[in-house]
Protein chains: 4
Amino acid sequence: MIAILKHGTTPAQTQHLIDWLKNMNLDVHISEGQEVTVLGLIGDTSRVDMELLGSLDIVESVKRVSEPFKQVNRKFHPLDTVVQVSDAKIGGGHFAMIAGPCSVESEEQIIEVAAAVKAAGANLLRGGAFKPRTSPYAFQGMKGAGIELLIKAKAATGLPIVTEIMNISTLDLFADVDVIQVGARNMQNFDLLKELGKTQKPILLKRGLANTLQELLMSAEYIMSEGNENVMLCERGIRTFETYTRNTLDLSAISVLQELSHLPVIVDPSHATGKAKLVPPMAYAAAAAGADGIMVEVHNNPACALCDGAQSLTPVQFAELNKKVQQIREVLK
Amino acid sequence: MIAILKHGTTPAQTQHLIDWLKNMNLDVHISEGQEVTVLGLIGDTSRVDMELLGSLDIVESVKRVSEPFKQVNRKFHPLDTVVQVSDAKIGGGHFAMIAGPCSVESEEQIIEVAAAVKAAGANLLRGGAFKPRTSPYAFQGMKGAGIELLIKAKAATGLPIVTEIMNISTLDLFADVDVIQVGARNMQNFDLLKELGKTQKPILLKRGLANTLQELLMSAEYIMSEGNENVMLCERGIRTFETYTRNTLDLSAISVLQELSHLPVIVDPSHATGKAKLVPPMAYAAAAAGADGIMVEVHNNPACALCDGAQSLTPVQFAELNKKVQQIREVLK
Amino acid sequence: MIAILKHGTTPAQTQHLIDWLKNMNLDVHISEGQEVTVLGLIGDTSRVDMELLGSLDIVESVKRVSEPFKQVNRKFHPLDTVVQVSDAKIGGGHFAMIAGPCSVESEEQIIEVAAAVKAAGANLLRGGAFKPRTSPYAFQGMKGAGIELLIKAKAATGLPIVTEIMNISTLDLFADVDVIQVGARNMQNFDLLKELGKTQKPILLKRGLANTLQELLMSAEYIMSEGNENVMLCERGIRTFETYTRNTLDLSAISVLQELSHLPVIVDPSHATGKAKLVPPMAYAAAAAGADGIMVEVHNNPACALCDGAQSLTPVQFAELNKKVQQIREVLK
Amino acid sequence: MIAILKHGTTPAQTQHLIDWLKNMNLDVHISEGQEVTVLGLIGDTSRVDMELLGSLDIVESVKRVSEPFKQVNRKFHPLDTVVQVSDAKIGGGHFAMIAGPCSVESEEQIIEVAAAVKAAGANLLRGGAFKPRTSPYAFQGMKGAGIELLIKAKAATGLPIVTEIMNISTLDLFADVDVIQVGARNMQNFDLLKELGKTQKPILLKRGLANTLQELLMSAEYIMSEGNENVMLCERGIRTFETYTRNTLDLSAISVLQELSHLPVIVDPSHATGKAKLVPPMAYAAAAAGADGIMVEVHNNPACALCDGAQSLTPVQFAELNKKVQQIREVLK
């Protein structure tokens, strides 16, 4: 960490600041220039409050030289992480094609969709059992019963299953779930992240609607710092002023995250756009931009889905999508 | 709820849609115009998926005629809610001046600050015990021990206390806390909201960084729908492209929320701006815009605060702030 | 246009509103429902002030049934517009690969880059002569002399040229320019748009940093409404809270614009991301999402470029980019 | 300007960079630390491309030590600028209360409104003659004829007049206009700014919908760098995800701009909110936050205004607003 002092700072003021920093167990290296004096802080700067330091009268600005994340950082872990999910691998050249309905609705529905997406090329099944909804009066999911149906669909098709957790008190219900999803609204539910970090379950961590990529990585760091290395990142659209799409899918996030981190990056074009007809072009774009996987909503009868039907594809549309995604991946090899 | 059908929809298609809607226990009233056909949906439309309905081929658009929130709605509760917190009242003309440090750090610190802010005119004491931090390596608060120190400060000064909850499993520790704060990052932690709704504790619900005012009201509805009517809303800045301030304080939220809802509206200028020198002008502006209360960070030694010191006022600065806030409120009476 | 009246509006109030609307040469069709009364406004509603109408005491809300744009609207012009630029065609299946330096710097530079990008597969040459810069002290471009050098590069290579206009008073200098670019900062410089609408030059209209897709289409409508049908739209990133990339490239804009309009859609990944290494993945993503063209910054010596070198590719990198873009387009055919 | 080099940079690489910088007429001061090497660039760094420098392989990051604006900078001009507009003064403790209709519509209208706002305490009259409208089919203003009517209103009441310019070719029409407004959409129309810089007219420069405060100051610098020192800044709301208000009024901008610059800061609550009932609370908040003036839309018959009637106050409402604004200013003295 670098602190640039203001022009006109007296030696006494500088010394006072250095003493304060040394009190925090930091070593301080001074570079006096003609225009400015720069302090280099050496040691564990992850606990230093940058904003406080920057607010001091004699400090012009403060800059981190190293990223605040460690375990998710590619600098310290150059090889791609490959997450093993049942028989499937994700990352490091292995692609996840995750498909399924927004919500689990019934045994017939989830088994029918699971079989259909498997036939069309999916290698993981998604389905919501606990549903975070803006309104307390909207359908909140089948909860535990929904997870049981997902497990039946897994038994019927062999597809590993991905489903969202909203509350750590329900963790026991996820014992046979293959990938636990943390939704966008819980990306900074730090207590939930810490508890998931104590398991060894693969975690699919979605970016919050207003969270920077660095904040997403810091949330992944919360999980990894507790010992769970099986983390996957998911771009699912950010909130902007544009209202035509539900959110704005930030596809540049893929390359940025892959540069900064070794973790796999999945893209969810369904929630980002909120419109079924935008899902295929955004899925193709995600594949072309180098995503390690795509998560798509597929429903056997979109018009009757209990939630988010507007963004669901039919199994036939999904088969076409999967075919082209694979062809685009071939081009980029 | 109104559904506008596309020009060229056939009578058979229209009938098919009406049957589907009636299946959802809705009554449908048809208005056929020259240009468009409008369906009026009557009944409990709070469970209708607007996006799905709007995505159907024959539907041009869908519009809610009534707001999706009920218990927080001023239409059904015209009088201002007055929240009773120990001896203090908030809302309906009663003003909350909440002050205290970002974090509880020690017994001396919290009692000294509590006494100072009381002398300067505060009627509630704030202090963080559980701290949501972007980094897992940053100071996470004194937790339960911090709450105990707050209770001591309350005993010493008589000020009721406000502190944040991050995890419902810690609820027992809040038995003697007067106001439980839900932070911005947990505004859509719906399971937490539901559990808090089962208590009768006053709740201070902060707006999320990327949440609309309607979403804030829907989160308040989660609490109220479980039976807890003691909810206060808090504007604390939203995330925009501007980087000079930490967030952008949206002061128009005060009037909008007061028009749509009967709940008190508090403003937190400290977290919004992140800079101590911007706190007084934004506090004055909040008072002038009609806020029911202001929450300000005050520290006896801002430069040593363990977190967020950059935005803390000294007790002397706070006393001056409080004086002017009260004078501005006099002007508006 | 539909106006929904509030519950409780009296017949006299309704009649007063209808008279006012008829005064504006609109026909009004009334649909009285149980819950609400809906007025259908028929005639030229493009002059109606929706916000004013919506602000009246008795009006619940106002909704446009038809889009406010006409000439750019695909509903009235179902076939793709194909813009002819010298020998090149753009749109309707014809792809524009536009490449060149951010700024024209010298005759050698522009001719060398032009030859290199042509060899690598570009079919148009871009180069800035008039440069909009945030600072008055930054390099403002070679201006007229820069356009002359572009014309020399065109003579040397046969590539049609694209360059930006900032001020209608310089229009004469653009006589031999093939495509006139309107930059993001001028997207709502309506007087400039109107004047360009009086020419027959192909116009490349860039989306403003904070403009919705509908506003982009309305700006295109300004040009077309004056008689110029040769308009191309360009997505180049929008401003969001994310700071890692310069802007956030909104690739869903491609499909949305192609659905709403018949005009070709070009994507500029260089300005959007501001980083050379993000340009190829975003170019591939744009192609996969169905763009009608891509505009890329290429420089023979990126580290010495007078402006925006950080985002420029070398000719060798561009050749690789072009090859893969064409392969991705093959997949989607 | 400071360039921080990456760990592991070789002496030869460092020297190569230093040579390149010296070639740009910069002096370079080297501070070698244990962790990093910092280069201090001395000289005219306003022409250095920070992004290019930051993109070089060996550069970790680049940081400006001094602001890129000079003439608008309070560091070099500590005293508040006071702009003289006819008999009125603005800035340095002098307050501008600017009121009038969105558009000039007729001689009776503008003279009636002018007399009414003068009686209610306005010291400047606003009125739009050239109107930037999103749609080419919307009312575009009375143009030159509108300016003539404003001049008549000025003759009738003595109020100096403020009106917007959209195109430098119309500058002659503004000879008797007292303050020329540059609208939000033209904030970065740099050619327009430069031409206005060659006049001595007071300029009211509005912040663009997606422009940072630093960009606003850089646009003011464009005007001042050409010789015109009579510049006023205007906050009028920025574009965010919130849709309840038209834009989000950023009142913290007042203090920030006043700290960074010596220029007066005006606030326009009418355009920011788009709703008449939000104008008084936001005007009070702006006064409380220390604004040097407020610009409010007032119309004698809001429901019939040709544009933006939804946000106009009646003269009676404006009189009440003005009274309270002056009382709030008294509190802050």
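Can you go through A:319, A:276 and tell me which one is farther than 25 Å from residue D:241 by Cα, open to solvent by 10 Å² or more (accessible area, probe 1.4 Å) and small (Gly, Ala, Ser)?
Going through A:319, A:276 in turn, the sole match is A:319.
Here is a check on your reading of the model: is residue C:130 surrounded by 22 or more Cβ atoms within 10 Å (Cβ to Cβ), assigned to a loop (DSSP other than H, G, I, E, B), in contact with a strand residue (DSSP E or B) (Cβ under 7 Å, 6 or more places away or on another chain) and of a type outside the set (Gly, Ala, Ser)?
Considered against the rule, which asks whether it is surrounded by 22 or more Cβ atoms within 10 Å (Cβ to Cβ), assigned to a loop (DSSP other than H, G, I, E, B), in contact with a strand residue (DSSP E or B) (Cβ under 7 Å, 6 or more places away or on another chain) and of a type outside the set (Gly, Ala, Ser), residue C:130 comes out as yes.
Checking residue D:237 against (1) of a type outside the set (D, E, K, R); (2) at positive phi; (3) open to solvent by 10 Å² or more (accessible area, probe 1.4 Å), which single condition isn't satisfied?
Of (1) of a type outside the set (D, E, K, R); (2) at positive phi; (3) open to solvent by 10 Å² or more (accessible area, probe 1.4 Å), only one is false for residue D:237: (3).
Tell me which residues, restricted to the range A:211-223, are in contact (Cβ under 8 Å) with a residue 24 or more places away in the chain and open to solvent by 10 Å² or more (accessible area, probe 1.4 Å).
Hits for the range A:211-223 are A:211, A:214, A:215.
State the number of residues belonging to the range B:29-53 that are within 36 Å of the chain's Cα centre (by Cα) and more than 7 Å from every other protein chain (Cβ to nearest Cβ).
Number of matching residues: 8.
Could you say which residue among C:135, C:66 is within 14 Å of chain D (Cβ to nearest Cβ) and closer than 19 Å to residue D:52 by Cβ?
After applying the criteria, what remains is C:135.
Please indicate, with yes or no, whether at least one residue in the range D:292-310 is away from chain C (no Cβ under 12 Å) and open to solvent by 10 Å² or more (accessible area, probe 1.4 Å).
Within the range D:292-310, one or more residues are away from chain C (no Cβ under 12 Å) and open to solvent by 10 Å² or more (accessible area, probe 1.4 Å).
Please go through the range B:186-209 and pick out each residue that is out of contact with any helix residue (DSSP H, G or I) (no Cβ under 8 Å at 6 or more places or on another chain) and buried (at least 24 other Cβ atoms within 10 Å of the Cβ).
B:202, B:204
Out of all the residues in the range D:41-60, which are within 18 Å of residue D:13 (Cβ to Cβ) and of a type outside the set (Ser, Thr, Tyr)?
D:41, D:52, D:53, D:54, D:56, D:57, D:58, D:59, D:60
So which of D:229, D:242 ends up being at negative phi and open to solvent by 30 Å² or more (accessible area, probe 1.4 Å)?
D:229
Within the range A:162-185, how many residues turn out to be open to solvent by 10 Å² or more (accessible area, probe 1.4 Å) and of a type in the set (Ser, Thr, Tyr)?
Count: 2.
Name the single residue, out of those in the range D:231-271 being facing another protein chain (nearest Cβ under 10 Å) and of a type in the set (Asp, Glu), that is nearest to residue B:237 (Cα to Cα).
By that ranking, first place goes to D:250.
Looking at (1) more than 12 Å from chain B (Cβ to nearest Cβ); (2) out of contact with any Leu (no Cβ under 6 Å at 6 or more places or on another chain); (3) at pLDDT below 95, which one does residue A:274 not meet, given that it meets all the others?
Status for residue A:274: all satisfied but (1).
Give the number of residues within the range A:190-221 that are part of a helix (DSSP H, G or I) and either under 26 Å from residue D:241 (Cβ atoms) or at pLDDT below 95 (or both).
Of the residues in that region, 11 qualify.
Return yes or no: is residue C:239 modelled with pLDDT of 95 or more and closer than 16 Å to residue B:240 by Cβ?
Judged against the criteria, residue C:239 is a match.
Considering the range C:166-189 alone, what residues qualify as being under 14 Å from the mean Cα position of the chain (by Cα), within 14 Å of chain D (Cβ to nearest Cβ) and not in a loop (DSSP other than H, G, I, E, B)?
Across the range C:166-189, the qualifying residues are C:182, C:184, C:185, C:186.
Test of understanding: among A:120, A:114, which residue is open to solvent by less than 30 Å² (accessible area, probe 1.4 Å), out of contact with any strand residue (DSSP E or B) (no Cβ under 7 Å at 6 or more places or on another chain) and either within 30 Å of residue B:224 (Cβ to Cβ) or touching a residue at least 12 places away in the same chain (Cβ under 8 Å) (or both)?
A:120
Take the range B:225-240 and flag every residue that is in contact (Cβ under 8 Å) with a residue 60 or more places away in the chain and out of contact with any Phe, Trp or Tyr (no Cβ under 9 Å at 6 or more places or on another chain).
Of everything in the range B:225-240, those that are in contact (Cβ under 8 Å) with a residue 60 or more places away in the chain and out of contact with any Phe, Trp or Tyr (no Cβ under 9 Å at 6 or more places or on another chain) turn out to be B:229, B:230, B:231, B:232, B:234.
Which numbered condition trips up residue C:97, out of (1) open to solvent by 70 Å² or more (accessible area, probe 1.4 Å); (2) outside any loop (DSSP other than H, G, I, E, B); (3) at pLDDT 85 or above?
(1)
Can you report the number of residues in the range C:254-273 which are closer than 23 Å to residue C:324 by Cα, touching a Lys or Arg at 6+ places or on another chain (Cβ under 7 Å) and open to solvent by less than 10 Å² (accessible area, probe 1.4 Å)?
Within the range C:254-273, residues that are closer than 23 Å to residue C:324 by Cα, touching a Lys or Arg at 6+ places or on another chain (Cβ under 7 Å) and open to solvent by less than 10 Å² (accessible area, probe 1.4 Å) number 3.
I'm trying to understand the selection: among the residues of the range C:114-132, which are within 14 Å of chain D (Cβ to nearest Cβ) and under 19 Å from the mean Cα position of the chain (by Cα)?
Selection gives C:128, C:130, C:131, C:132.
Could you tell me whether the range D:152-161 includes any residue that is open to solvent by 10 Å² or more (accessible area, probe 1.4 Å), part of a helix (DSSP H, G or I) and either within 9 Å of chain C (Cβ to nearest Cβ) or aromatic (Phe, Trp, Tyr) (or both)?
no
The values are calculated or read from the model by the stated rules, or taken from the named source; none is laboratory data. Keep in mind that what you see is a predicted model, and the values were worked out from it rather than measured. Cβ: placed from backbone, ideal geometry, glycine included. Neighbour counts: every protein chain shown. To get the accessible areas, we keep the full protein, side chains included, count just its heavy atoms, and leave off ligands, DNA and RNA. Shrake-Rupley method; radii C 1.70, N 1.55, O 1.52, S 1.80 Å.
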